[in-house]
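Notes to accompany the following structure.
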Amino acid sequence: MLAFYGKQFSSRLLLGTARYPSPTIMQEAIRASGAEIVTVSLRRESAGGRIGNAFWDLIRELNVAVLPNTAGCHTVQEAVTTAQLARELFGTPWVKLEVIGDNETLQPDPIGLVEAAGILIKDGFDVFPYCTEDLTVALRLREIGCQVIMPWAAPIGSARGITNRDALKLMRARLPDVILVVDAGLGAPSHAAEALELGYDAVLLNTAVAKARDPVNMAKAFRHAVDAGRIAYEAGLMGPRDFASPSTPVVGTPFWHAVS
Amino acid sequence: MLVMLNGERVEIAARNLTALLSEKDYEHTNLAIAVNQRVVPRTAWSDTTLNSGDQIEIITPRQGG
């Protein structure tokens, strides 16, 4: 079991709700993934529109926890106000905090992120900050009270997988008491398995499932990969070696040292 | 009076948020509202007086990653 701010979950896969071919496929993919937490966002509603209601009904049918994000926010003020709107709208203190610093890479602004996280924690929020693999930023986030930290593997939607494995390993080693989630940039189930093998508690992804040719089966594949990665981590992976080490016993080899 | 509603300048007759939701056909919708970048809780909608030039954001759930 895994606890996010005191709530227990058995799935280690958090899934986004955007970019699916249809609402029905989104629902089926979420069910197939086994995810118990899904990310959502909030946007302006047009006069007379009921788009938000239709989407929200679909999510409620799934009986999952929702993690609202502050996607698209570029300033501390925007992110804080968006988080407060999300709390009002979804009735949860949880927020996936995004403060974007660069439009090309959607790289988080670490300075704005730490500042916004501090304001929100004081306001009673449970903050899930989306950050880079920078250890110092993660240490600051823990210092101000984040129990969960979510470093990227690679830029959002890039499908590149873990691009800075050493930094993610270091973060895991230095923050053993924090729930660490690899968020963004995962493209294949093997990427998710690698994150879990490194000791990360969970992964959060969206595009890799939503944009697959068959999102429902891809969701299933990620579910198995996450399980495999976690079991492998718990089983204890052997370390790499510089030289070969025979797996077949040498003792008793026929013709061993035979003289020709 | 003129206000900014979801980024657009519009003329409204309503003098509070509850009346605005009725005027603009937002009733029975799952909403959150901010006025001038301050969130207004649902319980305060009818007591929140609107003024000319107010920036009103009316927000609903959407898909997200």
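Okay, here's what the table says:
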read-out	value
Semi-axis lengths (Å, descending) of the ellipsoid that matches the C-alpha gyration tensor of the protein assembly as shown	46, 21, 15
Average beta-carbon neighbours from other chains, 10 Å sphere, peptide A:53-66	2
Protection proxy ranking of B:41-54, A:145-158 - average other beta-carbon atoms within 10 Å, highest first	A:145-158, B:41-54
Accessible area in square angstrom per residue, the protein assembly as shown, 1.4 angstrom probe	48
Percent carbon-and-sulfur accessible area, the stretch A:61-134, ignoring ligands, DNA and RNA, probe 1.4 Å	47
Tensor-based shape of the stretch B:1-50 (alpha-carbon gyration tensor, a/c under 1.5 rounded, otherwise prolate or oblate)	rounded
Average beta carbon contacts from partner chains per residue of B:19-30, 10 Å cutoff	3
Residue-averaged [θ]222 nm for chain A, counting only DSSP H segments that reach four residues, each worth -39500 (n - 2.57)	-12500 deg cm²/dmol
Protection-proxy order for peptides A:199-207, A:111-119, each taking the mean of Cβ atoms within 10 Å per residue, highest first	A:199-207, A:111-119
Cross-link partners of residue A:7 among lysines (Cα-Cα below 25 Å; sequence separation of 8 or more within a chain)	A:96, A:122, A:220
Inter-site label distance for residue A:60 and residue A:111 at 7 Å from Cα along Cβ, in nm	4.3
Exercise: per-residue mean of other protein chain Cβ atoms within 10 Å, A:83-90	6
Assigned charges on the beta-carbon of Lys, Arg, Asp, Glu; chain A dipole about Cα centre (debye)	460
12 Å beta-carbon shell around residue A:152, net charge (K/R +1, D/E -1)	-3
Between B and A, accessible area buried - total, square angstrom, nearest 100, 1.4 angstrom probe	2500
DSSP-defined beta bridges in the protein assembly as shown - what % are antiparallel, rounded to 5	50
Value of D in µm² per second that Stokes-Einstein yields for the stretch A:49-145, Kirkwood Rh from Cα pairs, at 10 °C (1.306 mPa s)	113
Difference of contour (0.36 nm per residue) and Cα-Cα distance, residue A:103 to residue A:214	37.0 nm
Net charge of Cβ neighbours under 12 Å - reference residue A:91; Lys, Arg +1; Asp, Glu -1	+2
FRET efficiency estimate (nearest 0.05) - Cβ-Cβ, residue A:160 to residue A:2, R0 30 angstrom	0.70
Among A:12, A:50, A:142: highest mean-square fluctuation, GNM of chain A, C-alpha pairs under 10 Å	A:50
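The values are calculated or read from the model by the stated rules, or taken from the named source; none is laboratory data. This is a predicted model, so every value here is computed, not measured. Virtual Cβ from ideal backbone geometry, glycine too; neighbours counted across all protein chains shown. Only protein heavy atoms, including side chains, enter the accessible area calculation; ligands, DNA and RNA are left aside. Shrake-Rupley method; radii C 1.70, N 1.55, O 1.52, S 1.80 Å.
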